[in-house]
1. Here are the criteria: (1) surrounded by fewer than 19 Cβ atoms within 10 Å (Cβ to Cβ); (2) outside any loop (DSSP other than H, G, I, E, B). Tell me which single one residue 10 does not satisfy.
2. Checking the structure you have, find out if any residue of segment 141-153 is over 16 Å from the mean Cα position of the chain (by Cα) and within 22 Å of residue 247 (Cα to Cα).
3. Filter segment 202-220 for residues that are touching a strand residue (DSSP E or B) at 6+ places or on another chain (Cβ under 7 Å) and outside any helix (DSSP H, G or I); which is most open to solvent (accessible area, probe 1.4 Å)?
4. Among the residues of segment 54-72, how many are without any contact (Cβ under 8 Å) to a residue 12 or more places away in the chain and among the hydrophobic types (A, V, I, L, M, F, W, C)?
5. Checking the structure you have, find out if any residue of segment 121-133 is in contact (Cβ under 8 Å) with a residue 12 or more places away in the chain and under 18 Å from the mean Cα position of the chain (by Cα).
6. Which residues, counting only those in segment 166-195, are touching a residue at least 40 places away in the same chain (Cβ under 8 Å) and surrounded by 23 or more Cβ atoms within 10 Å (Cβ to Cβ)?
7. For residues that are within 19 Å of residue 38 (Cβ to Cβ) and of a type in the set (A, V, I, L, M), tally how many sit in segment 64-79.
8. Considering only residues that are among the basic types (Lys, Arg) and in contact with a helix residue (DSSP H, G or I) (Cβ under 9 Å, 6 or more places away or on another chain), look in segment 82-97 and name the one that is most open to solvent (accessible area, probe 1.4 Å).
Amino acid sequence: MISNEDIIKLQLIDGLGRKSISKILSYIDSKNLKLNNFSEIVKLLNSIGIRKVHIDINKIEQEALSVIESCKKAKLKIIGIYDKEYPRKLRIIEDKPLVLYVDGDENLLNQNNNIAIVGTRNPSQQGYEISSIFAEKLTEEQCCIVSGLASGCDEAAHYGCLQASGKTVAVIPSGHLYARKANKVLYNRIILSGGAIVSELPPNLRSQSYTFIDRNRIIAAISDGVIVIEGGQKGGTSHTVRFASSYNKPVAYTISNHLNIVQTSLSNNNIEIIDSFEKLVEFKNKIKIKYVNSTEE
């Protein structure tokens, strides 16, 4: 088992991706190796042929120190896969994040009543209102709302939850410093209301096209069900639905998305339509029953 700091250093090696690092960590665990510093880890990489290139250890150590100092300054928690605080819902997926950076209450990531509300950045007025109202209603039903802090449906869902004095989780595709600049008011309200903002990226990294997809797998994994307001056939929302389906999480669409459901090639017996508050509560209860049954098996 190696430290979070050393995992961060591995992530700073050019060309070494999450899956490769996971294999390295699995190898270290399987051999029960005791590596006392990053230099010994680099020697191991060269000895097993995973990364036979020159690695500037001093540069990487300085960059890692900068990440850690940025987290301290921003009061972000660093939670690695070996920490007891690491969310169990993420631990069981194959492509799990190696490190999480969390602002706020990390315990929300482990709750059993998390429902994701997602959708397009450019919803209709009706879609925006449905996102907010559904989030408010689910919050009144003791659910925690999960979304992506983006404009449009995500933003509406977060605000709807906050309107009902609830706690909401935002999973972001960038570091916290950029997310805070992009939507400072909503960011601060989420934290002040006892919610959480989580990323697998260091605080000073910008989002990239692939980080939105990576973000969506985390949304799907920490949620017990997913509701799509508008969108879902193309774009980021479709990735969230695909991940939710692969994790066997229930997925629901609003009635405004009905045509998209008919046209989509997704094949998922868990997908259903929500066209009323009654159906919304039924969806929530279905998730609760599914969780109870899974814990009894």
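The values are calculated or read from the model by the stated rules, or taken from the named source; none is laboratory data. Remember, predicted model here, so these are calculated numbers, not experimental data. Every residue, glycine as well, gets a Cβ built from its backbone with ideal geometry; the counts of neighbours run over all protein chains shown. Calculation scope for accessible area: heavy atoms of the full protein, side chains included, ligands and nucleic acids excluded. Shrake-Rupley method; radii C 1.70, N 1.55, O 1.52, S 1.80 Å.
1. Among (1) surrounded by fewer than 19 Cβ atoms within 10 Å (Cβ to Cβ); (2) outside any loop (DSSP other than H, G, I, E, B), residue 10 violates only (1).
2. Checked against the condition, which is being over 16 Å from the mean Cα position of the chain (by Cα) and within 22 Å of residue 247 (Cα to Cα), segment 141-153 yields at least one hit.
3. Looking at residues that are touching a strand residue (DSSP E or B) at 6+ places or on another chain (Cβ under 7 Å) and outside any helix (DSSP H, G or I), I get 202.
4. Of the residues in that region, 1 qualify.
5. yes
6. Selection gives 169, 171, 172, 173, 175, 176, 190, 195.
7. Final tally of qualifying residues: 5.
8. 88
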